Each structure stands twice: as C-alpha cells, then as structure tokens.
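Trainee: Attaching a single structure in structure tokens format; questions to follow.
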Amino acid sequence: MLRRPFLALAIASVSLTGQAGLAQSAPPSMQAQTTPQDAVPASELRALLAAMGLYDILAIMAAEGRDSAPDLEADMFPGQGGAAWMATVASIYATDKMTAAFEAALPVALLSDAHIAALRGFFESDLGARIAAGETAARQAFLDPEVEQIATDLAEDRAAQNHPRIAQLTEFNLVNDLVERNVSGALNSNFAFFRGLSDGGAFAAPIPEEMMLAQVWGQEPEIRAETVQWLFAYQTLAYEDLSDADLQAYIDLSRSDAGRAINASLFAAFDTVFNAISHDLGRAAAGFMAGEDT
C-alpha cells in the first residue's frame, strides 16, 4: 500500500502539448501547512497507523528524501549547494513535519469505525505484525543501493522463471491498484516540482502550464517501468518470509471494504504530502540555481 516517491524531473526541453489528469494548480507549501485539530486522526486510527508501521515508514521516507539532496544538486546546480542546500532539504524532509502533514491530510471520513476495527484486528495479529515488520525492514534496507539491486535481481529472476510468488505479487498490485496510483502520484509530484521551480524564478520567462504538463507527461513510460521494477523488488524482500497462504490473507484484506478504504486514504495523504514537498523542493532549487541560498 506504500508508494516510493519519485523525483526524476528533466527541465532541458519542453514540448507543446498537455495531458489531462495531472494536477493543474500549485500544491500548498509544507512550510505553510497547519494541522487543524479536527483533522488529526483519533487515537484508534493512530493506533492502527502505528500497527501498520506507517510512522516508521514516514521516517524512512524522510531519510530517503534527505539522501537525495546530493543527486539533485549534481543534476541542477552542480557545486552551488553545499551545506546550505543539505540543510534546506533536511528541513523540507523533517520527519516531524512530514508526520504532522500526513495526519492532517488523511481523509478520516473514508474510514468507518468498522473499518478501523477490522484493520486493527489484522495488523495487531501475529501475521499483521510480521507483514508490517517486513515492509518496514525492506524499506529501511533499500536505503542501501546494493540491497535494492540484489532484491531487483531476485525479482527479475523469479519473473523469468514464472515463479508462483510473482503471480501473487501481481495480484496484490492489481487489487491495490499500486502501479497506477504510484505512477499518477509520481507525475503529480514532478509537476509540483516543476511549478515550484517556476514559482521560484528558475526560468528566464514564464513557462505555460501546458508546456509543463507535457514535459512531465513525457516521463510517464520511464516512471511506469521504474515503478513496476521497484514494487516487485521491494515486495519480494518485504514478503520473503511469508507463506503463500499468509500473502493471500493480505491480498484478501486488501480486497475487502476496509482494505480499499485504508488504501485510498493512505494514497490521498501521501499525494498531498509529497506534492507539497516537491513544490517546496522546486522553489528551493530555483534559489540555488540563481545563486541564492534559500
């Protein structure tokens, strides 16, 4: 149910046609977000998120973001960022800020008391705890590129051999609509980054929104391929210790009303959080591209 954020924006060329379906307004800045009390999840929901390992995953996502700072600097303003850029990215990816934004963005209305009870019953069981631990451990392990490559190679070998686990993972991804949700989220995040660059004055002249959309949409095939590869590699590692019956129980939960509700809720919150992060990164990067510390 958890997506990996992507930032693979290329800004060298811009085409002339747009693509419907992407966000068409700048997302709110993380710097400006507040956390209304009525938007904070109830204690039962927070207990569910903790049982699912969501707070641990958010901390790892924050680390992923901070680790991306040198690559982004190298791609966009080589040698101009230094410690100031690292500090800026660390602030944008502050774990406490991300957690508060995620809780505020979570559409609690999609989840009924019955949903929460069913989900807590699953994730607070032995199987649910093992699933959450496996997902968290795999995400943590993927901070090491060598581990990610090993998992990728294993998943690809199994796919070539028509291994039964690949069929189960394919079903899991289809039930949760993980490929489409992740691709859509990545495209919207990249558009938000582009808007952040524009809002921050990175370009000599304003770029029409249609051109931004076309540039972002041109990344769709690459993002889709990377998403599929990453999902199977991550899931191969995360669920390696599960039996086929265990994984089928997880698939069955995902197919239930409660599973669909939590999946929709999580993706909605992640989309809001990462669109805001991406916009903030773009604005910050624009300042460094202009030779100004922001």
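Every number here is computed from the coordinates shown, using simple stated rules; none is lab data. Source: prediction; values computed, not measured. All Cβ positions, glycine included, derive from the backbone under ideal geometry; neighbour counts span all protein chains shown.
Trainee: Which of TRP85, TRP217 comes first, and how do the rest follow, when ranked by fewest Cβ neighbours within 10 Å?
Mentor: Numbers: TRP85 22, TRP217 19.
Sorted ascending by nearby Cβ count, the order is TRP217, TRP85.
Trainee: Hey, another quick one. Using a 7 Å offset from the Cα along the Cα-to-Cβ direction at both GLU156 and ASP96, what is the distance between the two label points in nm, to one decimal?
Mentor: 4.3
Trainee: Can you tell me the orientation of helix 82-92 relative to the chain, as the angle in degrees between its alpha-carbon axis and the longest Cα principal axis, to the nearest 10?
Mentor: 50
Trainee: Okay, moving on. List the chymotrypsin sites (Phe, Trp or Tyr not before Pro) within segment 235-268 that DSSP assigns to loop and that have no more than 16 neighbouring Cβ atoms inside 10 Å. Intermediate results must be reported in sequence, preceding the final value.
Mentor: Values: sites: TYR239, TYR250, PHE267; in loops: TYR239.
When the chymotrypsin sites (Phe, Trp or Tyr not before Pro) of segment 235-268 are filtered for loop state and at most 16 Cβ neighbours within 10 Å, nothing remains.
Trainee: Would you compute, from DSSP H runs of 4+ residues alone, the mean residue ellipticity of the chain at 222 nm, taking -39500 (n - 2.57) per run and dividing by the full residue count, rounded to the nearest 500? Spell out each step's value before the answer.
Mentor: Details: 14 runs with 204 residues, N = 294.
Calculated at 222 nm, the ellipticity per residue is -22500 deg cm²/dmol.
Trainee: Report, to the nearest 10°, how far helix 244-255 tilts away from the longest principal axis of the Cα atoms in the chain, using its own Cα long axis and a range of 0 to 90°.
Mentor: 60
Trainee: Where Rh is the Kirkwood radius over the Cα pairs of the chain, the temperature 4 °C and the viscosity 1.567 mPa s, what D in µm²/s does Stokes-Einstein return?
Mentor: Numbers: Rh = 20.0 Å.
Result for D is 65 µm²/s.
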